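Comments concern the structure below.
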Amino acid sequence: LQVKARSVKLGMAQRSATHCSSATDNEEAFLAGQAAVQAAVNGETDKMVTLLRSDGENY
């Protein structure tokens with residue numbers, strides 16, 4: 001057929017659609033990054049930042 005095609009890696013759409021994120025998503029991402037940096041500055045290793053959600057109307 002001699003048709004040019006281009007593949008897209010999974011996740012490309014999500015990475016290129018940051019303009020669709022909510023204010024809550026942005027704030028939580030910032031806070032998670034802030035906690036990770038603070039842990040690294042404090043010398044903590046082998047840890048992962050986790051978001052814990054409470055029951056409520058917001059989610």
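The values are calculated or read from the model by the stated rules, or taken from the named source; none is laboratory data. These figures come from a predicted structure and were not determined experimentally. Heads up, the Cβs are rebuilt from the backbone with ideal geometry, glycines too, and the neighbour counts pull from every protein chain shown.
Structure data summary
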{"quantity": "Subset of segment 28-47 (residues that are within 25 Å of THR18 (Cβ to Cβ) and of a type outside the set (Phe, Trp, Tyr))", "calculated": "GLU28, ALA29, LEU31, ALA32, GLY33, GLN34, ALA35, ALA36, VAL37, GLN38, ALA39, ALA40"}
{"quantity": "Filter pass, GLU57 being out of contact with any Leu (no Cβ under 6 Å at 6 or more places or on another chain) and either part of a helix (DSSP H, G or I) or surrounded by 10 or more Cβ atoms within 10 Å (Cβ to Cβ) (or both)", "calculated": "no"}
{"quantity": "Residues located in segment 11-59, provided they are without any contact (Cβ under 8 Å) to a residue 24 or more places away in the chain and hydroxyl-bearing (Ser, Thr, Tyr)", "calculated": "SER16, THR18, SER21, SER22, THR45, THR50, SER54, TYR59"}
{"quantity": "In segment 18-45, residue surrounded by the most Cβ atoms within 10 Å (Cβ to Cβ) [restricted to those that are of a type in the set (Asp, Glu) and assigned to a helix (DSSP H, G or I)]", "calculated": "GLU28"}
{"quantity": "Failed item, numbered, when MET12 is tested on (1) modelled with pLDDT of 80 or more; (2) surrounded by 10 or more Cβ atoms within 10 Å (Cβ to Cβ)", "calculated": "(1)"}
